[in-house]
1. Pairs of Cα atoms under 8 Å, at least six residues apart: use those to get the relative contact order of the chain, whole percent.
2. Sort largest first and round to whole Å: the equivalent ellipsoid semi-axes of the stretch 1-46, each the square root of five times a Cα gyration tensor eigenvalue.
3. Report residue 25's accessible area, 1.4 Å probe, all protein chains in place, as a number in Å² to the nearest 10.
4. Once all Cα-Cα distances of the chain are split into 10 Å bins that start at 0, what whole-number percent is in each one?
5. Mind checking which aspartates and glutamates have their C-alpha under 12 Å from residue 262, skipping anything on the same chain fewer than 8 residues away?
6. Based on the Cβ-Cβ distance from residue 222 to residue 299, what FRET efficiency comes out when R0 is 35 Å, to the nearest 0.05?
7. Would you give the gap between the C-alpha center of the stretch 437-504 and the C-alpha center of the stretch 194-246, rounded to a whole Å?
8. Work out the charge dipole of the chain with +1 on the Cβ of Lys and Arg and -1 on the Cβ of Asp and Glu about the Cα centre, then indicate which of 80, 276, 100 is farthest towards its positive end.
Amino acid sequence: MARPNEEVEALLQEYADLIAITGGDAFKARAYEKAARAIGGYPADVSRLDPAALREIPNVGRSIAEKVVEYLRTGTVTAVEERRATIPAGVRQLITIPTLGPKKAMTLYEDLHISSVEELTDAIKAEKLRDLKGFGEKTEENILRGIALMQRAGERILLSAAMDQAEDIVGELSGIAGCDRCAHAGSLRRMRETIGDIDILVAAARSAPFMAALTGLPSTAEVLAHGEKKTSVRTVKGLQVDLRVVRPDAWGAALQYFTGSKAHNIRTRTIAVHAGLKLSEYGLFETEGGRRVASRSEEEVYARLGLPWIAPTLREDRGEIEAALRGELPEVVTEDDIKGDLHTHTDLTDGLAPLEEMVAAAAERGYAYYAVTDHAPNMYMQRMTDEKILAQRERVRSLDGVHHGMRLLHGTELNIDPDGEVDWPDEFLRGFDLCVASVHSHFGIGRAAMTRRLVRACENPRVHLIGHPTTRLLGKRPGIDADLDEVFAACARTGTALEINSQPDRLDLGDEDILRAKGHGAKFAVDTDAHSVVHLAHLRYGVGMAQRGWLTPDDVINTWPLRRLRRFLRGDGAA
């Protein structure tokens with residue numbers, strides 16, 4: 001289930017959007033946006049806090065705290081309902097389109113009476129938007145891209161949201177008497193960036209107690225099918241969950257089968273056929289005679305097929321079978337390999353927690369080193385100055401080694417401007433241990449210009465790492481249009497690492513881009529871009545992307561010992 005914090009964050013963000021749509025005070029809308037982010041990233045469960053404790057959260061004042069309490073008590077907020085009532089449902093649907101903001105949505109409704117995605121699509125095809133103030137041919141193209149992006153996302157949800165629900169369900173079912181094993185499978189186990197439904201597998205002698213338990217969970221809103229071998233429900237969040245119960249002696253075969261992918265399973269079944277065997281969710285059987293020869297564990301099934309165990313994140317039929325047969329399957333990076341986080345923020349800029357809290361939380365994760373990389377001054381809303389960043393550096397140096405010997409790196413996240421330049425002059429940048437450089441604006445400058453922009457940033461000797469390289473936001477914003485192969489080659493040539501940003505709505509780079517960049521010889525960093533203590537735990541999702549991109553620890557610079565990492569940051573490469 002989603003944390004109460006996340007539910008409240010979504011509600012307050014919606015309220016901010018509603019204020020903007022209705023022409024309300026921009027300052028008020030911004031205040032609710034800030035409060036939404038603060039509550040979403042707050043480590044404590046807000047449902048357990050009283051109004052006074054809620055007001056201790058950054059950016060949460062008395063009025064907002066009262067609304068949070070009202071929502072947690074009743075499930076609704078009167079002010080939000082009143083705002084909703086003033087805006088047609090179709091307009092509220094329009095603002096979910098990536099690239100179309102609240103004000104433009106209201107303009108479309110008031111001037112052209114458009115109140116649905118279908119009506120908007122028809123109006124664009126008829127070129128009706130071009131005469132509206134603030135619109136034009138380029139706007140129409142952007143909106144169409146946003147509609148396509150939204151439609152592709154469909155009913156899929158972010159990996160993190162699916163994982164939260166799956167782990168809650170696995171936890172509930174694992175506690176039932178008779179449960180031998182319980183795990184999630186399917187695309188979730190393969191760590192796909194978005195998930196269509198959740199597959200849960202239980203090994204037990206009797207299925208009835210588990211089927212009944214799933215249908216009775218508080219998170220279950222609707223029972224779609226109820227059977228002896230499979231039960232399907234829809235959760236209160238709208239996600240379908242399929243539960244299958246198998247006998248304990250068939251666990252390995254069932255887990256392999258229901259993990260997929262379909263293409264991977266076709267390959268393994270083909271290998272079985274050529275070996276005179278038949279592979280199914282019940283086991284691996286001899287074709288003649290039907291004797292079962294493997295089923296208890298995945299390792300046993302793969303071994304009988306003449307293969308090593310293949311990590312679930314690799315099972316996409318992208319060469320893993322061939323690599324396994326050649327004995328060249330990579331030992332992919334794991335979360336335990338990560339020795340430090342190289343991209344994080346504090347409340348000096350847009351983070352939610354002070355430096356001391358972020359450092360202490362990182363140390364609790366057992367890191368050997370940790371980088372603080374607050375925004376540089378060209379992100380004007382953060383009001384960064386030379387004096388502020390230098391004062392922070394002194395605080396970072398004073399905390400170096402204090403927590404379990406964890407070493408601290410003082411860095412910054414630079415903004416890459418349209419020409420490829422970054423904040424601060426070269427001499428000032430020399431003082432940082434680490435510089436992350438990222439694109440934060442001007443996303444539509446054109447393919448050639450965007451490519452030059454990124455390549456020039458890579459060629460800057462003070463830039464060590466390109467943050468969230470494509471700038472994508474899953475289901476909300478497509479990646480930038482650039483010749484990524486040229487960018488990846490530039491990273492390899494200049495010794496600039498590429499980030500795999502672990503924020504669940506980014507996961508940037510994605511797996512296919514990672515594979516391409518690895519082919520060019522680039523190095524990577526798996527970072528959280530944490531803006532609060534709870535974000536540090538998102539590392540698991542970035543590691544999942546790294547695994548799907550076939551990365552080993554040697555490919556990922558923040559698995560390296562600090563001495564080797566420092567050599568890389570100095571420009572001495574991986575030597």
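1. Contact order relative to length: 10 percent.
2. Semi-axes, largest first: 22, 10, 5 Å.
3. Around 90 Å² of this residue is reachable by solvent.
4. In order of increasing distance, the bins hold 3, 15, 23, 26, 20, 10, 2, 0 percent.
5. Cα-Cα hits under 12 Å: 316, 317.
6. Working from the Cβ atoms, E equals 0.40.
7. 41
8. 276
The values are calculated or read from the model by the stated rules, or taken from the named source; none is laboratory data. For clarity, every value in this text was computed on a predicted model and none was experimentally measured. Methodologically, a virtual Cβ is constructed for each residue, glycine included, from the backbone with ideal geometry; neighbour enumeration extends over all protein chains shown. In case anyone asks, the SASA skips ligands and DNA or RNA and just uses the protein heavy atoms, side chains included. Shrake-Rupley method; radii C 1.70, N 1.55, O 1.52, S 1.80 Å.
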